[in-house]
Amino acid sequence: MERRALLATLLGMSAIACVATPFAVVGQRHAPKTPPPKPVTHTIAPPVVAIAEPAPPPPEAEPEPAQHTFRVKDLATEAGISVVSGTIGRHVFLTALSTSGLAPKECRRVLAGFAGVKNLDRLAPTDAFQYAKASDGHVVAFELVPTPSDAATLDFFQEHEEKAGQRLAAKRISLPIARKTLSVALVIGGDDLRGSLASAGLRESAATLIDDALDGHADLSDLRAGARLRVVITEQRIEGRFAGYAPVDAVELTPVGKPAVRVYWFMDKKIRGHFDSSGREPYHGAWRSPVPMARISSRFDPHRMHPVLHVVMPHNGVDFAAPPGTPVYAAAAGVVRSVGDGGPCGNMVQIDHPNDLTSAYCHLSRFGPISPGQHVETRQLIGYVGQTGRATGPHLHFAVKRWNKAGQEVFIDPLSMKLDGVRVVPPRSREAFDEARKNLDAALDQIQIQAPVQKDAAPAETAPME
């Protein structure tokens, strides 16, 4: 499935509720001490899995939900019921539950309840859970809330049952999403992209989405200090809490010394993506930038003078300058070859890809939740920018090598992974695209952006970093 198709498909927030008896019965036994403001009727079909389709965008004035959505926290005031919260951390699912104080038998019951509904083998350390248990220790209700890592994984899973010993089953329900369109201006300042995003009122996760929108429309080297951005993006909130962003509606990039570039999000039944004013969208194959929107401080150069050793030594990759702790993502899907000490490369991750290609990520401060032999997807977190090994400053050294028939490694320029083609808005959708572009142009034109001060002008290329 294409990246943007997957992202758009998963934008809705959904939930899974597991029941062994109808909610009406459960509501009578575990009703909150303070009754809800409106009469509530919970009716749930027999325990089968039902996956809801993403809901269409609501109107500006969103109506109140017709029904109360049961949450584990509703049982906090119930006599004889205790509610426990926790996160997965670096444990497997069962270990995380056991560490929280849940008995082994109940851990297995919860695990069995998710069978065929949710794969629990690849949970993130920040994924949260909450459960309610009775005085005899059996689970009354359970929730698992995966943390949105790219504004796509927004599923809410819930299990609920009435009697001890009964098997838990699963069902997905919907939670209302509040959407708000934000129009912001951003001037990239030095390498501190996170600070630039924060000053514009955006969260760090917006960097990946902005990079997605500009992918193929602008060169990575354009995203450096002094470049200006005007962005229209939709924020999503659930129960008043931030849940993620939708794909960028529109973005204008004005590089230093170059004309502005605008791209617009457009979708219909058969096409979706970020297109320029001509209705064209260049696209890559499977390869992406490992550090979205980071400035390139040193390029691939077989005849480079080493900045530390002061001898001619090939620079077999590309350096992305970024502050320590900046997330680093897999540039393409593959299988982790190694995670550990890479000598001069410091903390290093290597990933094997099809066509005898291997990517390397060097000087990491620490690793992500990965291990050798594990399959990773494009844009999956693998580590964080650092300055380990032989490095003159915090950055990511990113290299790509191909293994020849003799088993020897041959380094290639990562930036030579050229565009694979161009998508074009079809004639049947052109009128709708032109109308959407007109409205988004008006929204971009209304965003006020300050002229970059002199210190944010294009800096001279720094000494290359290993």
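The values are calculated or read from the model by the stated rules, or taken from the named source; none is laboratory data. If you're wondering where the values come from, they're calculated on a predicted model, not measured in any experiment. We place every Cβ from the backbone using ideal geometry, glycine too, and count neighbours over all the protein chains shown.
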If you go through the range 231-246 one residue at a time, do you hit one that is touching a Pro at 6+ places or on another chain (Cβ under 6 Å), in contact (Cβ under 8 Å) with a residue 24 or more places away in the chain and of a type in the set (Asp, Glu)? no
For the range 201-210, does any single residue satisfy the condition of being surrounded by fewer than 21 Cβ atoms within 10 Å (Cβ to Cβ) and either modelled with pLDDT under 75 or on the phi > 0 side of the Ramachandran plot (or both)? yes
Pull up the range 264-284, narrow it to residues that are touching a Gly at 6+ places or on another chain (Cβ under 9 Å) and either among the hydrophobic types (A, V, I, L, M, F, W, C) or surrounded by fewer than 19 Cβ atoms within 10 Å (Cβ to Cβ) (or both), then point me to the one that is nearest to PRO394 (Cα to Cα). HIS284
How many of the residues making up the range 228-242 are buried (at least 19 other Cβ atoms within 10 Å of the Cβ) and touching an Asp or Glu at 6+ places or on another chain (Cβ under 9 Å)? 6
Identify the residue in the range 75-90 that is surrounded by 15 or more Cβ atoms within 10 Å (Cβ to Cβ) and more than 16 Å from VAL145 (Cα to Cα) and, among all such residues, is modelled with the highest pLDDT. SER82
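For ALA250, state whether it is crowded, with 19+ Cβ neighbours inside 10 Å and either polar (S, T, N, Q) or farther than 20 Å from GLN448 by Cβ (or both).
No; evaluated as a whole, the condition is false for this residue.
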Going through the range 253-263 in order, the residues found to be in a loop (DSSP other than H, G, I, E, B) and crowded, with 19+ Cβ neighbours inside 10 Å are PRO255
What's the number of the condition VAL410 fails, among (1) closer than 19 Å to VAL291 by Cα; (2) surrounded by fewer than 16 Cβ atoms within 10 Å (Cβ to Cβ)? (1)
Of all the residues that make up the range 119-136, how many are polar (S, T, N, Q) and modelled with pLDDT of 80 or more? 2
Taking the range 246-283 on its own, how many of its residues are closer than 16 Å to LEU440 by Cβ and hydroxyl-bearing (Ser, Thr, Tyr)? 3
Looking at the range 381-399, can you tell me whether even one residue there is among the hydroxyl-bearing types (Ser, Thr, Tyr) and within 23 Å of VAL92 (Cα to Cα)? yes
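Scan the range 224-236 residue by residue and report those that are under 20 Å from the mean Cα position of the chain (by Cα) and under 18 Å from ALA198 (Cβ atoms). Full working, then the answer.
If we filter the range 224-236 for residues that are under 20 Å from the mean Cα position of the chain (by Cα), which is where we start, we get 231-236.
Matches in the range 224-236: VAL231, ILE233, GLU235.
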THR358 passes all but one of the listed conditions (1) more than 22 Å from ALA294 (Cα to Cα); (2) touching a Lys or Arg at 6+ places or on another chain (Cβ under 9 Å); the exception is number (1)
Residue in the range 183-193 that is within 20 Å of the chain's Cα centre (by Cα) and either at pLDDT below 90 or not in a strand (DSSP E or B) (or both) present: yes
Against the definition (part of a loop (DSSP other than H, G, I, E, B), small (Gly, Ala, Ser) and at pLDDT below 65), how does ALA406 come out, yes or no? no
